[in-house]
Amino acid sequence: MSARVVAILVVLLAVLGGGALLIQREDSSRRPQNVSTLGQPLFKELKAADIAQIRIVEPKSTLTLSRKEDGWVIAERDDFPADFAKVREFVVKAVSLKIAQSEPVGEKDRARLNLDASATQLEFAGADGKPLAKILIGRKLFRSEPENPEKALGDGRFVMLPGDDKSAYMISDPLLQATAKSAEWIDKRAFQIERVKTLEVRYSGGDGWRLERAADNASWKLADQRPSEKVDSSRANAATYSLSLLDLADVAPKDASPEATGLDKPIRLNATTLDGLSYMVRLGKLAGESYYVSFEQGGTLAKAAKPDDAERIKKIEERLPKDKALAQHVLLVPKARLEDTLKKRAELIEAQQARKK
């Protein structure tokens, strides 16, 4: 068999992450391995407590995570909150990374392993901004070649340390979280509109509808409801209750214009709650499977009328500061979360045949 098509399977001697990693390498000969590095920490002096900034640089984008007070924020998204648990997990994983294998590489090898200009650059810095550690992240490793390497999770990763472009290291973690996509890092908890009293939906063309009820267990009515019409209670409940289940897909860049997001000609949702709050929500264009969304929150939170209400009111009080902070950003909310709310007026009315039964 020709040396050009020979695939040499290298079985790692170091057992990391619970099992030996099998790596397929296209090469014409077995290269000398630096056995002394097996099982050694990738970052020898990096400590989780010292890390105050994480910078991920891809060829076309950059994301910076900064520690702020008791949490983490995303600098490129105007200090939008990051998912604390995700950042903590990533930091703990990074400081515990160990070298599974190393080998000498040349210029062609660096290109093949995506350890050239196409690499992802990962940097850690302290509270004073001074660099603590840095690596280049290249191609994913696989136990067996998948049908679609781009979408496959991978079993490990090729990496390179700064100042040493002659050695490539292999680690048994694919480092999937090392991405500059803000959607992978944001805190996805959204504002929630609970116990809706009135909901008005106005589409950009001007038509729309308004639902209202007097109390928690009262029937829903349309503002212009005709005597022959009856509101479908299940659909009305779904339209309003969905607003208490919102989450985020992403957050838009600070410089996103109203024209680019479609918020210059929005669908408008105006809601009030039985607890005295009001919300003005604007939905813009679809970006993939998510709407651009902005909102304002107002009103005065009612006091608990009964002892049973006290805990619920307290939770709302605790959430309001976060809602006000969210209101400073343009959000991206999954379309699926808003489908019931955006139904047309006719879909909120019981069909005549169903009423006769």
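The values are calculated or read from the model by the stated rules, or taken from the named source; none is laboratory data. In this text, all values refer to a predicted model and were calculated from it rather than measured experimentally. Heads up, the Cβs are rebuilt from the backbone with ideal geometry, glycines too, and the neighbour counts pull from every protein chain shown. Accessible surface areas use protein heavy atoms only, side chains included; no ligands, DNA or RNA. Shrake-Rupley method; radii C 1.70, N 1.55, O 1.52, S 1.80 Å.
Descriptive notes on the structure:
- Residues within the range 144-166 that are within 18 Å of LYS98 (Cβ to Cβ) and either without any contact (Cβ under 8 Å) to a residue 60 or more places away in the chain or open to solvent by 30 Å² or more (accessible area, probe 1.4 Å) (or both), tallied: 7
- Note on the range 302-327: residues that are under 18 Å from the mean Cα position of the chain (by Cα) and either free of Cβ contacts under 8 Å to residues at least 24 places away in the same chain or open to solvent by 50 Å² or more (accessible area, probe 1.4 Å) (or both) total 2.
- Here LEU246, LEU277, LEU269 are screened, and the one residue that is closer than 30 Å to ALA75 by Cβ and at pLDDT 95 or above is LEU246.
- Some residue of the range 120-138 being farther than 19 Å from LEU65 by Cβ and open to solvent by 50 Å² or more (accessible area, probe 1.4 Å): no
- Any hit, the range 175-185, residues being open to solvent by 20 Å² or more (accessible area, probe 1.4 Å), over 18 Å from VAL73 (Cα atoms) and in contact (Cβ under 8 Å) with a residue 12 or more places away in the chain: yes
- Residue match in the range 301-312 (condition: closer than 17 Å to ARG195 by Cα, part of a loop (DSSP other than H, G, I, E, B) and in contact with a Gly (Cβ under 8 Å, 6 or more places away or on another chain)): yes
- The one condition in (1) at pLDDT 95 or above; (2) in contact with a helix residue (DSSP H, G or I) (Cβ under 8 Å, 6 or more places away or on another chain) that ASP165 fails to fulfil: (1)
- Where strands (runs of 3 or more DSSP E) fall wholly inside the range 191-298, the ranges with 1 or more residues that are open to solvent by 40 Å² or more (accessible area, probe 1.4 Å), on the phi < 0 side of the Ramachandran plot and out of contact with any Lys or Arg (no Cβ under 7 Å at 6 or more places or on another chain) are 208-212, 267-273, 277-287.
- The range 67-79 residues that are over 13 Å from ASP250 (Cα atoms) and among the β-branched types (Val, Ile, Thr), paired with ones that are open to solvent by 60 Å² or more (accessible area, probe 1.4 Å) and part of a loop (DSSP other than H, G, I, E, B) (beta carbon under 7 Å, 6 or more apart): VAL73/ASP79
- Figure legend. Inter-residue proximity from the range 93-116: first residues touching a residue at least 24 places away in the same chain (Cβ under 8 Å) and within 15 Å of SER167 (Cβ to Cβ), second residues hydroxyl-bearing (Ser, Thr, Tyr) and open to solvent by 10 Å² or more (accessible area, probe 1.4 Å), beta-carbon distance below 7 Å, spacing 6+ or different chains. Indicated pairs: ILE99/THR37; ILE99/TYR169; ALA100/SER172; SER102/THR37; SER102/SER167; SER102/TYR169; PRO104/SER167; VAL105/SER167.
- Within the range 221-240, the set of residues being under 28 Å from GLY284 (Cβ atoms) and free of Cβ contacts under 8 Å to residues at least 60 places away in the same chain comprises ALA223, ASP224, ASN237.
- Per the listing ALA85, ALA94, the residue uniquely under 23 Å from SER172 (Cβ atoms), surrounded by fewer than 17 Cβ atoms within 10 Å (Cβ to Cβ) and either at pLDDT 95 or above or out of contact with any Asp or Glu (no Cβ under 7 Å at 6 or more places or on another chain) (or both) is ALA85.
- Residue ID - most open to solvent (accessible area, probe 1.4 Å), chosen from residues in the range 36-59 that are modelled with pLDDT of 95 or more and over 21 Å from PRO174 (Cβ atoms): LYS47
- Selection from the range 61-76 of residues that are out of contact with any Asp or Glu (no Cβ under 9 Å at 6 or more places or on another chain) and under 12 Å from ILE186 (Cβ atoms): LEU65, ILE74, GLU76
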